[in-house]
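**Q** Just passing along the structure, written as structure tokens.
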């Protein structure tokens, strides 16, 4: 044990010595690149990068210093913060195998989720995406649409109970997250988490773990920098022991969260495997009737060639990853839409009119108020509201890559160096960290115009604005970076859109929503979340009134 700890200490000292030497002796090729002065040699700008109250820092950084900015990491290590469209294309598309996820990100996700999409790289990642891509097709989303409406209507029922005697204030973030969990449970896993049952406590151990995951990871961002070194020490059993004996409440909380998530998804997976072995009739008896994403995946792999089959451990990792990504990021966006609709009640009324008109027509023709998938996706103003919210308030503010080899980033927008000279390309050293400025690119006035920091759904009235289309951000969604681009783009974008639009439809069809007395502020924790003054955790109380 002590020998292993000694090795860890030696590795840490060696890393520190190298950083000090490189900073003091090696002349930096980035010395002419503008950037904010570092206030801490030990942590550089990391305390700003990961500051829960640091949204304005991210928004202002590139607008103050240019579309690529030099910032510092641990011990003066130089990082690049990038929002230039051409440079982003180089990172996410043209040289995506050069600019891979950081070891901290990949290995950290491996510890939490297993070998899923968030913790694999290069050919391994591409093969997983190739197998999973067909599962998220429009055809499968079309079949899932009724199940998502069914879950969303359970949410409406709970609100109706609360508003029986008049308007009522409710924590809508909590209710949205409960609904999102049940949507991914039934639509994704073919399993009910019973998150919307009146007679059940929604705060199960699994849901508590899921809600605590992002804040806990975010609280350990600085410590996670040394994770790649720790994972080289000893066996998995030894590393688990090391976690157990480390006097850190946050680390122990993360351990307990991971244990709970793993045991729950493992039980679901084993149940689905058993049903598959017992035949189609047993599958049809499960929640989702075999139309859920995981059932489709398992059927697709049954009898397929070796290259089209994932090991059980990887399928299990996809389950956990799917629950996590569908729960937090989508909930953040839905919450932001509701918050903005309260701030702009005229937009809420206009959107409600579009939704009610579509629902009334559908009900006359089909006898229910559960829109078909294609019509739901085509509602123009609903699409504009979603696009503008995702542009201005992307759930994830930035993502980090590491250069696996030296490269050069070309610039669409030339920079002025500290010596006054024009910079048209930027050298990137091997192992250098590059931060993809999602929020920064989505708010760049050069791309979106002088009103880029304003929420204007009509910005999209004629499709993607001309200036944004000309900029060619490497995007899979409306010319924005919100779902990223390239080989790491969000694979579940269609599922996220379905979930968002169904929830907004049923809420505006039934309720008028308004702001509470408390101010709602948005904080970073890897994913943006709303808070109120003095709250112990993320929350968004809103007042709902039946129509």
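Taken together, the values in this text are just the output of simple stated rules run on the coordinates, not laboratory data. Values in this document were obtained by computation on a predicted structure and should not be read as measured data. We place every Cβ from the backbone using ideal geometry, glycine too, and count neighbours over all the protein chains shown.
**Q** Can you give the Rg and Dmax of the chain based on its C-alpha atoms, in angstrom?
**A** For the chain, the Cα-based Rg and Dmax read 23.9, 76 Å.
**Q** When the chain is fully extended, how far beyond the present Cα-Cα distance does residue 256 get from residue 533, taking 0.36 nm per residue of separation?
**A** Taking residue 256 through residue 533 to full extension adds about 96.9 nm, to one decimal.
**Q** Based on the alpha-carbon set only, what is the convex hull volume of region 298-410 divided per residue, in Å³?
**A** Numbers: hull volume 25.0 nm³, N = 113.
Normalising the Cα hull of region 298-410 by residue number yields 221 Å³.
**Q** Right, something else. Work the Kirkwood hydrodynamic radius out for region 394-547: mean of 1/r over every pair of different alpha-carbon atoms, inverted, in Å.
**A** This gives a value of 18.9 Å.
**Q** Counting only DSSP beta bridges with both residues in the chain, tell me the antiparallel percent, nearest 5.
**A** Percent antiparallel among DSSP bridges in the chain is about 90.
**Q** If you don't mind, there's one more thing I want to ask. Sort 104, 540, 500 by Cβ crowding within 10 Å, fewest neighbours at the top.
**A** Going from sparsest to densest Cβ surroundings: 104, 500, 540.
**Q** Right, something else. Grab the DSSP H runs of the chain that are 4 residues or longer, score each as -39,500 (n - 2.57), total them, divide by all residues and round the 222 nm result to the nearest 500 deg cm²/dmol.
**A** Computed mean residue ellipticity for the chain: -16500 deg cm²/dmol.
**Q** On a 0 to 90 degree scale, rounded to 10, what angle separates helix 55-65 from the longest Cα axis of the chain?
**A** Relative to the chain, helix 55-65 is tipped by roughly 50 degrees.
**Q** For the chain, take the longest principal axis of its alpha carbons; what is the angle in degrees between that and the long axis of helix 380-392, to the nearest 10 within 0 to 90?
**A** Taking Cα atoms only, the helix is inclined about 30 degrees.
**Q** If you don't mind, there's one more thing I want to ask. Go through 226-232, 434-440 and give me the packing order, highest mean Cβ count within 10 Å leading.
**A** 434-440, 226-232
**Q** Identify the residues of region 185-212 with backbone N under 14 Å of a label point that sits 7 angstrom from the Cα of residue 270 along the Cα-to-Cβ direction, or state none.
**A** none
**Q** So what's the gap between the Cα centers of region 403-421 and region 196-229, to the nearest angstrom?
**A** One Cα centre to the other: 38 Å.
**Q** Taking the beta-carbon count within 10 Å as an exposure proxy, list 374, 328, 419, 292 from fewest neighbours to most. All intermediate terms of the calculation are to be shown ahead of the outcome.
**A** Working: 374 11, 328 23, 419 8, 292 27.
Neighbour counts put them in this order, fewest first: 419, 374, 328, 292.
**Q** Next question. To the nearest 10 degrees, how steep is helix 2-25 against the longest Cα principal axis of the chain, on a 0 to 90 scale?
**A** Between helix and principal axis, roughly 70 degrees.
**Q** When the Cα atoms of region 171-246 are enclosed in a convex hull and the volume is divided per residue, what value in Å³ results? Can you show the working numbers first?
**A** Details: hull volume 11.4 nm³, N = 76.
Given the Cα convex hull of region 171-246, per-residue volume reads 150 Å³.
**Q** Another question about this same structure. Grab the Cα-Cα distance for residue 364 and residue 201, subtract it from 0.36 nm times how many residues apart they are, and report the gain in nm with one decimal.
**A** Value of the extension gain: 54.9 nm.
**Q** Could I ask something else about it? At q = 0.10 Å⁻¹, work out log10 I(q)/I(0) for region 242-361 with the Debye formula, treating every Cα as an identical point scatterer and leaving solvent out; two decimals please.
**A** Per q value, in the given order, log10 I(q)/I(0) is -0.58.
**Q** Over all alpha-carbon pairs in region 69-205, figure out the percentage whose distance exceeds 24 Å.
**A** Cα-Cα pairs of region 69-205 separated by over 24 Å account for 57 percent.
**Q** At a Förster radius of 35 Å, what calculated FRET efficiency corresponds to the Cβ-Cβ distance of residue 28 and residue 53, to the nearest 0.05?
**A** Here the calculated transfer efficiency is 0.70.
**Q** Over what distance in Å are the Cα centres of region 520-541 and region 152-193 separated?
**A** 19 Å
**Q** I need 472, 393 ordered by Cβ neighbour count within 10 Å, fewest first.
**A** With the fewest neighbours first, 472, 393 line up as 472, 393.
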